[in-house]
Amino acid sequence: MGTKPETIAIFLLLSSLLCTPAFTKSNDGLIRIGLKKVKFDETNRIASDLGLNDFDTLKASIKKYKLSANKLSNSQEPDIVSLKNYMDAQYYGEIGIGTPPQKFTVIFDTGSSNLWVPSSKCIMSVSCFFHKKYRSSQSRTYKLNGQPAAIQYGSGSISGYFSEDDVLVGDLVVHDQMFIEATREPGATFLAGKFDGILGLGFKEISVGNAVPVWENMVNQHLVNEKVFSFWLNRKSEEGEGGEIVFGGVDPKHFKGEHTYVPVTQKGYWQFDMGDVLIGGKSAGFCKTGCSAIADSGTSLIAGPTEVINQINQAIGAAGLINEECKKAVKHFGNQIFDMLAGTVARPNQVCSRAGICSGEGNGDDSIAIRSVVDKDDGVSSGLDNTPTCTACEMIVKWVHKELAENQTRDSLLGLGSELCGVAQSPVGESMFDCAKIPSLPIISFTIGGKKFDLTPDQYTLKVGEGPATRCISGFIPLDIAPPRGPLWILGDVFMRPYHTVFDYGNERVGFAEAA
């Protein structure tokens, strides 16, 4: 079973938009699916049985889918899907697949483009046993496809094959939609998720198997009047309303003033040009000449270049989980690492696995990044393959190996190593800080379309627990993507909560306005 820091890394990178058990239609012609506060349910019980508390489950989620004729909708009114909010890290809603519709909760993810749900033929992955599964034999509108498919997300992967069926989203019926029946969901990522699958809302350019995305089919089949969809994400509340997604328009009740629009610069993700990043009103210096960013509803936090994220986290006094694990590794494994390196071990990256800290041969890679969207072969390696303790061990080993070559002694090495852990900036992992500092922390701002979008400390902080046990997690996490795609910022739910977001497909632009 994973460690607590390992579980949090997975949970924060993959946040979800899930649907409610019932579809509702208001008198303004909008179809709404409401987001409620998640109560203790089967997934919580499973997590409890696995020894995971709310903090562990949150961590696991951060780390990133032909009904009967009488249900057909040709009104071309905006279609509204309500979302549920789990600990401000997962937003999810309900869809139906097949005739009659089989209901699934999914993440509405603008950082990917495929729809997938667990298949009834998924029998070798534990995750499938705790989520609803699609049964093609029970649908009158199912069409065989069979093309194999696999998707690698930032915090997990799925594989299976394509099928075709009608998909119900709110009151809209999308005919003959290609989707993936997942037959394998390895690891604990999707087990910890409150969702069954993912519904991608990115462009076809990043769709696995060149499948037409659900949203594009809505447009092609003339199910919406406006080629626009929009998100409103709510913070946790006693009422439990998590937010809503509107297909075919916007809900004026959920934003103030006017939206600031910027053009999509590269189709695939909803990517656009972003200006400077400000820390307490002062330029971070990195984006003075501009940066690229994507609006990603499927990522919980804000991810950006390590250089700037380190500046931000230093300014708010956030210490990385890796730093704490590094100190523990020095204390508990320092002598063993020294002896193994000073002995006969030929390859330094074997030390941590032989010591039982890492599985296999370790990372074996000097550059660690986080794959938070559906990147496959673009040079971004996942920093979630090993636990933070393993990563910390490998950091220490490489440093000790270098110092040994310079004839340093055991005592001096272990003492310096512990100090190094406190100042080293880890290239991977979430950071935490003292919740009492929130009132004095600086505002972090992003310049988009010539306008400054501020994030207050309360807005960029994720809180876990209650009372004295409350822990505060920084909403900023490092992610280095090499050119030509990078450097790239991912503006996830931490940004989309305070700013109502419009995805204008017809005009290929993204808009932001203050959420109401």
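In this structure, does I180 turn out to be surrounded by fewer than 24 Cβ atoms within 10 Å (Cβ to Cβ) and among the aliphatic types (A, V, I, L, M)? No.
Restricting S112, S159 to those that are of a type in the set (S, T, N, Q) and in a loop (DSSP other than H, G, I, E, B) reduces the list to S112.
Residue under question is G475, and the condition is that it be at pLDDT below 95 and in contact with a Lys or Arg (Cβ under 6 Å, 6 or more places away or on another chain); does it hold? Working first, answer last.
Numbers: at pLDDT below 95: yes; in contact with a Lys or Arg (Cβ under 6 Å, 6 or more places away or on another chain): no.
So G475 does not fit the description; no.
Residue check: is I107 within 14 Å of G197 (Cα to Cα), touching a Ser or Thr at 6+ places or on another chain (Cβ under 6 Å) and surrounded by 23 or more Cβ atoms within 10 Å (Cβ to Cβ)? Criteria met by I107. Taken over region 223-278, residues that are out of contact with any Lys or Arg (no Cβ under 7 Å at 6 or more places or on another chain), part of a strand (DSSP E or B) and open to solvent by 70 Å² or more (accessible area, probe 1.4 Å) amount to 2.
Within the option set T447, T501, being within 21 Å of T306 (Cα to Cα), hydroxyl-bearing (S, T, Y) and surrounded by 15 or more Cβ atoms within 10 Å (Cβ to Cβ) holds for one residue only, T447. Taken over region 202-222, residues that are crowded, with 24+ Cβ neighbours inside 10 Å and outside any loop (DSSP other than H, G, I, E, B) amount to 2.
The values are calculated or read from the model by the stated rules, or taken from the named source; none is laboratory data. Computed from a predicted model, the values in this text were never measured in an experiment. When we count neighbours, we look across all protein chains shown, and the Cβ atoms used for this are built from the backbone with ideal geometry, even at glycine. The protein model used for the area step is the full one, side chains on, heavy atoms only, and it has no ligands, DNA or RNA in it. Shrake-Rupley method; radii C 1.70, N 1.55, O 1.52, S 1.80 Å.
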